[in-house]
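The values are calculated or read from the model by the stated rules, or taken from the named source; none is laboratory data. Since the model is a prediction, treat every value here as computed from it, not as a measurement. Note: ideal-geometry Cβ built from the backbone for every residue, glycine included; neighbour counts use all protein chains shown. Remember, those area values only see protein heavy atoms, side chains included, never the ligands or the DNA or RNA. Shrake-Rupley method; radii C 1.70, N 1.55, O 1.52, S 1.80 Å.
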Amino acid sequence: MEQVFTLAEAPDAATAEAGRKLFAGECDFVKGVVAMSGLPDADRLEICFAGRSNVGKSSLINALTGRKGLARASNTPGRTQEINFFDLAGGTMYMVDLPGYGYAEAPVKVVQKWQDLLKAYLAGRQTLRRAYVLIDSRHGVKQVDHDIMKLLDRAAVSFQCVMTKADKPGRAELERTIAQTAEALKQHPTAFPEIILTSSEKGDGLATLRGAIYTLSQQG
């Protein structure tokens, strides 16, 4: 039976509050990693955020945590070249900010190095419970997104699509990109069937995403 992808519903009040508390608690930068040998010990659950450069990943992480400067947003796409680890929930979970993919103003060899690191992490981190793949609501799923999703499929890593900047397109355009994204996800067996629609600027969908991550953290 073909998988059906729908928009995630807002969590119930208890889950929303638990998610809020999870991200309102301590969230400290642990380290930036430039090689697989530098990864911290795989001793706790991990979630990661991946997305094309300029998809709004840093803004989303900052909005989730309520800390404007936690993840470094840049006007230059592709600026982040490290895998950045954050300690979430008092040492019980890592939140991981991955380098943007698909575009970067940097020498080709430098870009290739950090893209290889990104792929190695996604394919080989045993404690990675779920990847959140960010898709720009104005553009939908591009081929470079499919490439990352295929990598996650091969590594048997569950991923969930989070559409960003949902306040930017008009209603008709947004409905079109949601439909395009849902159709694109049918190609990927490890895709979670609920799409989370977010706006970092307006705060839309943040409670849903926090609730989803909280629920995942309780699954052992």
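Some notes on this structure:
- Strands (runs of 3 or more DSSP E) within segment 44-149 that include 1 or more residues modelled with pLDDT of 90 or more and among the polar types (S, T, N, Q): 83-88
- Scan of segment 11-43 for residues that are open to solvent by 80 Å² or more (accessible area, probe 1.4 Å), among the hydrophobic types (A, V, I, L, M, F, W, C) and in a loop (DSSP other than H, G, I, E, B), ordered by number: Val34
- Among the numbered conditions (1) among the hydroxyl-bearing types (Ser, Thr, Tyr); (2) open to solvent by 30 Å² or more (accessible area, probe 1.4 Å); (3) touching a residue at least 60 places away in the same chain (Cβ under 8 Å), the only one that Ser158 does not meet is (3).
Conditions (1) of a type in the set (A, V, I, L, M, F, W, C); (2) open to solvent by less than 30 Å² (accessible area, probe 1.4 Å); (3) under 14 Å from the mean Cα position of the chain (by Cα); (4) more than 14 Å from Val55 (Cβ to Cβ), marked per residue:
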{"position": "Gln112", "(1), (2), (3), (4)": "no, no, no, yes"}
{"position": "Arg129", "(1), (2), (3), (4)": "no, no, yes, yes"}
{"position": "Leu134", "(1), (2), (3), (4)": "yes, yes, yes, no"}
{"position": "His139", "(1), (2), (3), (4)": "no, no, no, no"}
{"position": "Leu151", "(1), (2), (3), (4)": "yes, yes, no, yes"}
{"position": "Gly170", "(1), (2), (3), (4)": "no, no, no, yes"}
{"position": "Gln187", "(1), (2), (3), (4)": "no, no, no, yes"}
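- Residue selected from segment 24-38 under the condition touching a Lys or Arg at 6+ places or on another chain (Cβ under 9 Å) and closer than 14 Å to Asp97 by Cβ, by the criterion modelled with the lowest pLDDT: Val34
- Meets criteria (aliphatic (A, V, I, L, M) and farther than 30 Å from Val108 by Cβ) for Leu60: no
- The condition of being within 17 Å of Arg129 (Cα to Cα) and among the acidic types (Asp, Glu) holds for only one of Asp12, Asp28, Asp43, that being Asp43.
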